[in-house]
1. Which of the GluC sites (Glu not before Pro) found in segment 1-83 are loop residues per DSSP with 14 or fewer other Cβ atoms within 10 Å of their Cβ?
2. Where does the charge balance sit around Ser348 when Lys and Arg score +1, Asp and Glu -1, over other residues with C-beta under 12 Å from its C-beta?
3. Would you please classify the overall shape of segment 57-178 from the alpha carbon gyration tensor, given that a ≥ b ≥ c denote the square roots of the eigenvalues, rounded means a/c under 1.5, and beyond that prolate means a/b larger than b/c while oblate covers the rest?
4. I'd like the accessible area for Phe25: 1.4 Å probe, protein heavy atoms, all chains in place, Å² to the nearest 10.
5. Going by Cα centres, segment 117-157 and segment 3-67 are how many Å apart?
6. Counting each DSSP H run of 4 or more residues in the chain as -39500 (n - 2.57), what helix-only mean residue ellipticity at 222 nm follows after dividing by all residues, to the nearest 500 deg cm²/dmol?
7. Taking a spot 7 Å from the Cα of Gln321 along the direction of its beta carbon, which residues of segment 334-350 have an amide N less than 17 Å from it?
8. Of all the Cα-Cα pairs you can form in segment 428-486, what percent are over 18 Å apart?
Amino acid sequence: MASPDYLVSIGLEVHVQLKTESKMFCGCAVRYGEPPNTLTCPTCLGLPGALPKLNAGAIERTILTGQLLGCETPEIVKWDRKNYFYPDMPKNYQISQFDLPLCLGGAVPLYELAYPKDAQKDIARPGKAIALTRIHLEEDVAKSTHHATFTTIDFNRAGTPLMEIVSEPELESPEETVAYLNSLRQILVYSGVSDADMEKGQMRCDVNISVRPKGQSELGTKIELKNLNSVSAVRRAIHYEIGRQIGEVEAGRPIRQATWRWNDEVGQTELMRLKEDAHDYRYFPDPDLLTVRTTGILARVREHLPELPHEKVARFETAYQITHYDASVLASDRALADWYESAAAGSSAPKKVANWVINNLLAELNGRDLTIDLCPVTPAALAELVDLVESGKVANNQAKEIFAHLFDHPGESPAEIAKAKGFEPADSGEIEAIVDEVIAANPGPVGEVRDGNDKAANFLVGQVMKQSKGKANPKQVTEMVLARIRG
Ligand code: ZN
Ligand code: MN
């Protein structure tokens, strides 16, 4: 567990699969779930003499990511060979980028709602951003599956574009690390660069983590953590590893630089290999690929930069007059934000639409285990329903019933459902009669209202609602009761 006597420094290397049609250095399709080794060619199989060619779409998406995160893109970038031997990479080097990557610097903002729910109340530094070292582009390797006595390899994944985002060690807790991953994912999904789902392996992260006593300025020896398959596993693994490292330091055992793996079933980290020295990958420029001049691509990318989550939040606050919190909830998911905007556009009360989405729609989706993409209710139907409430045609509790009905009968219109359920507003003569009756029967509260106590009217309104069997509109009844008593 974290201790007040120690400081924690965490840096992340995040590999992101880009949403491209074809692979990084050949024309093979990028698709998942195909029969093994069907999406291959001499280049991505690493056969001798096969030559790579560049995927412009992957370069563009990486530069776009850099632009959104405030990175610099060098005018000339180049490709380097990272040499090492492994069966999932038969040409014995990975094409990557060393000293001239596509993006340098930049930062990832930590969004409030990206922290774990239970940690959102006490965020140490709201608005913190984590500096990036670089973002480079490289190729993925094949996928090995280990069986009892043999291993199979599938090259469908080999050569797919992989963007690596490297941060400075500025994260100070497991909760901040969760916020970093969630914020980054949100931005990548927003810009359409990747689906960035950790559970599907579209976003994979290695965590570098060190502890040091408070007051010590140089960082402690870092441990690299691998095999983290979900955001929640990242949080558990870092909590465990901080406790383990502090235990070692307290016991006087020096931390040795090493790679550890997280065992989620056992809930602890395990030593994989010691790093005697930094790997010598003997990087050198790939003689098969030319350098890339980025000026033209950069100009093209800058022409259509997508709106970022925090920009959308600010726009929602002013355009729809909703709170910062509500805007943040709606903007936390691009599909949800789009859904809300299309409902708000069709309604006279966008603020009420926001309340309905946050309080009712999300709960209903949750209860049915649905995402917004699969929401059976259309934005137009919600807009219509909200306007029925606003114009006093249906009461709030009736609207909730109509809303639940809509989920199971998506084609129907809220006004028709209201009619079918007998939610026609009672005619005002009928309601007026009930109001008179209630006023006559309750001289006590009526006296209080007459003396200026508006709250006493709530009781009378409640009585009217009860007698009208919910058909009356509480807002209108309140007005009627007050007008009747005070003349
Ligand atoms: Zn290929
Ligand atoms: Mn890498």
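The values are calculated or read from the model by the stated rules, or taken from the named source; none is laboratory data. Not measured: the values here are computed from a predicted model. For neighbour counting, all protein chains shown are included, and Cβ atoms are generated from backbone atoms with ideal geometry for every residue, glycine included. With ligands, DNA and RNA removed, areas are computed over all heavy atoms of the protein, side chains included. Shrake-Rupley method; radii C 1.70, N 1.55, O 1.52, S 1.80 Å.
1. In loop regions of segment 1-83 (DSSP not H, G, I, E or B), the sparsely surrounded GluC sites (Glu not before Pro) are Glu21, Glu75.
2. -1
3. Here segment 57-178 falls in the oblate category.
4. 10 Å²
5. 12 Å
6. Computed ellipticity for the chain at 222 nm equals -11500 deg cm²/dmol.
7. 344-350
8. 19 percent
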